[in-house]
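Structure record follows, encoded as structure tokens.
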Amino acid sequence: MDASSFNRRKFVAALSMGTAHLLFSNPLLASGKNSFSTDPLQAIRLGQSGLETSLIGIGTGVHAGGRTAFLTRQDKSKSLGVLRHAYERGIRFFDCADSYGTHPLMKEALEGMAREKITLCSKIWVRPGGIPEPERPDADVVIDRFRKELNTDYLDMVQIHCMVDSEWTDTQKRQMDILQKLKDKGIVRAHGVSVHSLDAMKAAAASDWVDIVHVRINPYGIAMDKPDPAEVVQVINQLHERGKGVVGMKLVGNGEYRNDSDKINHALKFVLGLGCVDMMIVGFETTAQIDNYLDRTKNALTDLARS
């Protein structure tokens with residue numbers, strides 16, 4: 001199913017039965033069941049951005065804001081253990097942001113990783129609040145600080161964080177132009193946006209500048225840009241059709257159903273089955289969670305291969 005043929009009534013009915021994934025043409029399944037990979041750590045391409053990374057990534061922004069997050073508040077050795085375990089298991093996407101305060105932690109974790117194998121993402125904060133300083137320097141100044149904080153020459157991905165209005169491609173034009181210049185110099189490999197409204201997502205779909213989009217997606221409409229998953233999926237489909245890389249987040253509704261095993265399994269199967277979400281990031285807090293989700297994802301992929 002593509003955006004032009006999207007049937008909302010059929011989608012809602014399938015969603016209630018847990019079969020919404022069957023309505024979409026999933027490129028993971030396109031080559032047939034015999035060659036379909038059930039590896040939760042398989043390499044995927046993020047749209048036409050040129051970036052290749054793992055199907056599952058780790059988000060470092062659990063309960064984050066003001067340059068603090070769960071991983072910065074708990075014992076540092078435990079948090080470093082989580083990041084290193086993710087790498088050892090084969091996770092290659094690490095999602096940071098200025099507002100999370102996890103750059104110093106990630107810098108230390110990177111010392112034991114092969115930098116060229118990692119997709120390192122961070123996000124610049126341009127809105128009021130969110131970070132301690134009231135000033136909002138231009139993106140080149142901010143990215144220079146990021147590189148020092150992370151001890152890296154380049155960032156694989158830089159997103160403009162938490163855009164909510166339909167005019168963001170106009171209001172952030174200066175920062176977008178600066179990020180493009182950084183991309184031309186190889187300091188940033190891809191750029192895009194993290195959206196927190198459907199209007200902002202629609203603007204991202206219409207923008208040639210956007211390489212990759214962080215979108216909030218789950219089958220329950222929790223912590224999403226609209227409470228109706230059908231509405232959201234239709235726009236995500238548009239992003240995918242226009243060659244944007246799509247990073248799915250809020251898989252468990254910002255932790256709303258983190259202790260509901262059946263809902264987690266359904267969410268995984270739903271998002272993986274859509275075919276318009278390239279990869280997912282999960283805010284892991286422990287090494288056990290990483291192992292658990294890798295097993296769950298393998299099971300979800302196996303079920304999809306059989307369906």
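Compute the separation of the alpha-carbon centres of region 244-307 and region 56-129 and state it in Å as a whole number.
What the calculation gives is 19 Å, centre to centre.
Which entries of Lys78/Lys185; Lys78/Lys148; Lys107/Lys263; Lys148/Lys226; Lys185/Lys244 have Cα-Cα distances beyond 26 Å here?
Violating the 26 Å Cα-Cα cut-off are Lys78/Lys185; Lys107/Lys263; Lys148/Lys226.
Give a residue-ordered list of calculated ³J(HN,Hα) values for region 179-188 (Karplus: 6.51 cos²θ - 1.76 cosθ + 1.60, θ = phi - 60°; whole Hz; x for Gly, Pro).
5, 5, 5, 5, 5, 4, 8, x, 6, 10
Looking at the chain, identify the longest residue range that excludes and avoids all trypsin sites (Lys or Arg not before Pro) in DSSP loops having at most 16 other Cβ atoms within 10 Å.
Of all site-free stretches, the longest is 1-184.
Just the ratio, please: alpha-carbon radius of gyration of the chain over 2.2 N^0.38 Å, N its number of residues.
0.94
Looking only at Cα atoms, what is the convex hull volume of region 196-307 per residue, in Å³? Let's see the in-between values first.
Working: hull volume 11.3 nm³, N = 112.
Spread over its residues, the Cα hull of region 196-307 gives 101 Å³ apiece.
Taking the chain as a Gaussian network, Cα atoms linked when under 10 Å apart, which of Gly101, Gly186, Gly273 shows the biggest mean-square fluctuation?
Comparing Gly101, Gly186, Gly273 in a Gaussian network model of the chain, the most mobile one is Gly186.
Per DSSP H run of n ≥ 4, the term is -39500 (n - 2.57); total these for the chain, divide by its residue number, and report the mean residue ellipticity at 222 nm rounded to 500 deg cm²/dmol.
Helix-only estimate at 222 nm: -12000 deg cm²/dmol.
Compute the Cα gyration tensor for region 37-129, then decide on rounded, prolate or oblate, letting a ≥ b ≥ c be the square roots of its eigenvalues: rounded whenever a/c is under 1.5, prolate when a/b is larger than b/c in the other cases, and oblate in all that remain.
oblate
If I build a Gaussian network model for the chain, linking alpha-carbon pairs within less than 10 angstrom, which residue out of Asn237, Asn151, Asn218 has the largest mean-square fluctuation?
Of the options given, Asn151 has the highest mean-square fluctuation.
Using alpha-carbon pairs under 8 Å, 6+ residues apart, how would you state the relative contact order of the chain in percent?
Relative contact order of the chain: 23 percent.
Can you give the Rg/Rh ratio of region 166-229, where Rg is from the C-alpha atoms and Rh is the Kirkwood radius?
Values: Rg = 13.3 Å, Rh = 12.7 Å.
We get a ratio of 1.05 for region 166-229.
Values quoted throughout were computed directly from the atomic coordinates according to the rules given, and no laboratory measurement underlies them. Quick caveat: nothing in here was measured; it's all calculated off a predicted structure. Ideal geometry is used to build each Cβ from the backbone, glycine not excepted, and the neighbour counts take in all protein chains shown.
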